[in-house]
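Have a look at the structure below before the remarks.
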């Protein structure tokens, strides 16, 4: 887990700001949930591996003492840190069914925590930027979500991302065709999910390790090799993929995938039958966005029509997508994609100096006056040599300094110094914000 | 810990937005720290009671198994949830001394967690909005911080808040004068801190319980009774208080308090010698802001010149203030202080209907086009009876609906319906954003 110093925070807020604005432009509303959930809410929702990566919070006071006294150490925790934003959303929807609109379109930008091994763009505390539509089975949902996230990435300056889309039923039908028995489907999917990371050979080995018969595994790998070949082609990729799936996958599912393509013409979608996604709660379309220079994805999502029913009586259809803030940031930093106003931001527009203990109140008054005119003003906090004060202003990149010495105060004036050029002039306080604004405009 | 539905989030973001803007206007820069700190960083920093309210995170994997195997259950946790924003700041400053400017002015707006009993405006997860200046002992620091938080409260619409200021040395000198031995000062302060909550009689009883001699306690209570009486007066309160302290408190400390008053003329400050503040790390000025209709405070802070040295070799002076977001919100909600654009906000400016499966792509295209013109647009996600779609638009408070039926599509037009008046007209898509904007302007 990391600290974010001011320039980090500014970059993060720039990206989050764009994500929020686009989500809101698509009619999504903000939701926030607590960092800690009841431990039972989270356990069993993320598959075997997920369970182990959940941070658990120790019980407190008497409840902890009781546990320890019995020597039973299996229920030491009652709360756990949020592991994703989808399960908390499902809980909120189930709990607030009557207060929420028939279709609930929400976005949520908050940290989640996983006790994972850190890697490039992977941290134990990281932000997810989720967008979900609750209440409709229509493919307009998948399409609008993919349009929105594509819109975000383009506004951030990405031009080379790919949206991979698949459907859980495509995977099931392929597994059936290859002769993988139903009770081994989950195992097979966990292996297939690693195709990007460990390659075809690695997956073949893991399939064998997980007890999938050689013939079935070979047929599976064959199907995926063929689709990978098609995905490498230049044109009509989606049409060719669908044509190849016609004998394996039901018409209904393929029509659904076609709808997503038709409804989201601006998203750079390719249908990839090998896309599996790790989380166990997906039931329909699954999707993932990647760029060439980052292993793993910038974000992913899918349809989970069965999850909300785990928290309430009613089964409610739902679909969502999660952009990974850290993944986006790591690529943007490496590619230098931040606009100059973010890269070169300063803590203040102007610094006011303090000449002496006696004139401190005058400096404070000037700072206040400049703030009222809309400027961001920092005060050197104590009387000090002017050279030191200017050196400090330089160290924090403040572009202007107001020098307020004895003679200036006597005349009711201020020496305004431009740090970059070293130019300075004597002005009355009222003129300062105008000078700074006009210099900005002329840049 | 609570969920925040969209209207809650909008209110929270409105307040946070004003706090950020004012802090930035005073030259403060943003910092963020992780939710979890090493447990040793937090333990022992918040006094006895604080230690017990810290949420601890269970060790994981082998490290947990080892602990449990030995039967030693005192070190089951390695991490703990952030309890305030001051201790993490002190750690960041000690760790990053060479990368930070000589005076580091930072703000930080993040949640903290305390296993406390919930009450009005008190939750187990709550946001602190902190502002701190590191590196200067000058009273301009206290003054600018109090000016900034007073500025924030005024911009939020508060007119009746009071800033109470005291100094740890004032308390020490009063305790010495009353004859409380030095090793009982902490106990005495814990009792005095409850004056607001449990009244003079309660404090007197607690002083006795904590072993403070009857004569000393009586003298203490007498001094505080006198200052309380002065605080109830209409004019020259601070002058009278200081005059009364002249024989008890050193000149230097009283001059310091006077400086704060002089340097922050816009903050409604009263010097209150009975203000104690619970946290144990304060060393100089202490301050608290309250309003008549909320027990407890809207925020508090003080100088802590000894804390950063606990994490590094160098002792660095520091002073800060923390506004409590939930405290501010609870009063603003009860007093109805939110501007109408926050109170009446909607998830979108306009909803686009979907006539039939065949025209779905047309509706999506229209939604996209309207978004490009700057509108926030939500799409009804599936083909449905028009009445149902309008009912839904009404339920989510969308002010305008674009009806796109077969005949409209044939003519390249849209029926634009104003939900409140029921008026509708047929327009070409390009005209829509203009119509909506002009109706907004005329309100």
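The numbers here are math on the coordinates, done by the rules we state, and not lab data. Just so you know, these numbers come straight off a predicted model, no measurement behind them. Here Cβ is always computed from backbone atoms with ideal geometry, including for glycine, and neighbour counts include all displayed protein chains.
One table, with the values for the structure above:
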{"quantity": "Rg/Rg_ref, chain A, where Rg_ref = 2.2 N^0.38 Å and atoms are Cα", "calculated": "1.28"}
{"quantity": "Pseudo-label separations to other copies for residue B:361 - Cα-to-Cβ vector, 7 Å, nm", "calculated": "7.5"}
{"quantity": "Difference of contour (0.36 nm per residue) and Cα-Cα distance, residue B:345 to residue B:68", "calculated": "94.5 nm"}
{"quantity": "Part-to-part distance (alpha-carbon centres) for region B:303-364 and region B:381-404, which is given in Å", "calculated": "29 Å"}
{"quantity": "Distance between modelled label sites at residue B:334 and residue A:439, nm, 7 Å Cα→Cβ extension", "calculated": "4.9 nm"}
{"quantity": "Computed over region B:347-442: relative contact order in percent, which uses C-alpha pairs under 8 Å that are six or more apart", "calculated": "29 percent"}
{"quantity": "Fluctuation leader among A:174, A:409, A:152 - chain A, Gaussian network, Cα springs under 10 angstrom", "calculated": "A:409"}
{"quantity": "At 7 Å out from Cα toward Cβ: residue B:410 inter-copy label distances (nm, ascending)", "calculated": "8.9"}
{"quantity": "For A:20-29, mean number of other protein chain Cβ atoms within 10 Å", "calculated": "6"}
{"quantity": "Scattering curve values for region B:66-106, log₁₀ I(q)/I(0), Debye with Cα scatterers, q = 0.28 Å⁻¹", "calculated": "-0.96"}
{"quantity": "Overall Cα dimensions of the protein assembly as shown - principal axes, largest extent first, Å", "calculated": "97, 70, 53"}
{"quantity": "Per-peptide average of other Cβ atoms within 10 Å, ordering B:376-384, A:35-43, B:113-121 highest first", "calculated": "B:376-384, A:35-43, B:113-121"}
{"quantity": "Euclidean distance between Cα centres, region B:24-102 to region B:153-213, Å", "calculated": "28 Å"}
{"quantity": "Principal semi-axes in Å for region B:165-204 [√(5λ), Cα gyration tensor, largest first]", "calculated": "17, 12, 8"}
{"quantity": "Net length gained if the chain between residue B:38 and residue B:96 were fully extended (0.36 nm per residue, minus Cα distance)", "calculated": "19.2 nm"}
{"quantity": "Nm distances between copies for residue B:306, ranked from closest, using label points 7 Å along Cα→Cβ", "calculated": "6.0"}
{"quantity": "Most mobile listed residue (B:112, B:330, B:427) in chain B, GNM with C-alpha springs under 10 Å", "calculated": "B:427"}
{"quantity": "Length-normalised contact order for chain B - Cα pairs under 8 Å, 6+ apart - percent", "calculated": "15 percent"}
{"quantity": "FRET efficiency, residue B:185 to residue A:247 (Cβ-Cβ, R0 60 Å, nearest 0.05)", "calculated": "0.10"}
{"quantity": "FRET efficiency, 1/(1 + (r/R0)^6) with R0 56 Å, evaluated for residue A:388 and residue B:194 via beta carbons", "calculated": "0.80"}
{"quantity": "Shielding of B:145-152 by partner chains, average beta-carbon count, 10 Å", "calculated": "1"}
{"quantity": "Region A:1-132: relative contact order as a whole-number percent, Cα under 8 Å and 6+ apart", "calculated": "29 percent"}
{"quantity": "Percentage, to the nearest whole number, of Cα pairs in region B:111-204 over 16 Å apart", "calculated": "74 percent"}
{"quantity": "For residues of B:47-58, the mean tally of beta carbons on other chains within 10 Å", "calculated": "3"}
{"quantity": "Protection proxy ranking of A:79-86, A:391-398 - average other beta-carbon atoms within 10 Å, highest first", "calculated": "A:79-86, A:391-398"}
{"quantity": "On Cα atoms only, tilt of A:386-395 relative to the major axis of chain A in degrees", "calculated": "20 degrees"}
{"quantity": "Folded to 0 to 90 degrees: helix B:251-263 orientation relative to chain B principal axis, Cα", "calculated": "20 degrees"}
{"quantity": "Cα-Cα pairs of region B:347-442 separated by more than 21 Å (percent)", "calculated": "21 percent"}
{"quantity": "Sequence ranges A:135-143, B:366-374, ranked by mean other-Cβ count within 10 angstrom, highest first", "calculated": "A:135-143, B:366-374"}
{"quantity": "Net lengthening on full extension, residue A:49/residue A:213 (0.36 nm per residue, minus Cα-Cα)", "calculated": "56.7 nm"}
{"quantity": "Chain A: angle of helix A:325-335 to the longest principal axis, Cα-based, in degrees nearest 10", "calculated": "70 degrees"}
{"quantity": "Sites residue B:177 and residue B:75 - FRET efficiency at Förster radius 60 Å, r taken between beta-carbons, to 0.05", "calculated": "0.85"}
{"quantity": "Simple label model, 7 Å out from Cα along Cβ direction - residue A:426 to residue B:418, nm", "calculated": "6.0 nm"}
{"quantity": "Base-10 log of normalised Debye intensity for region A:1-118 (one unit scatterer per alpha-carbon) at q = 0.14, 0.19 Å⁻¹", "calculated": "-0.80, -1.14"}
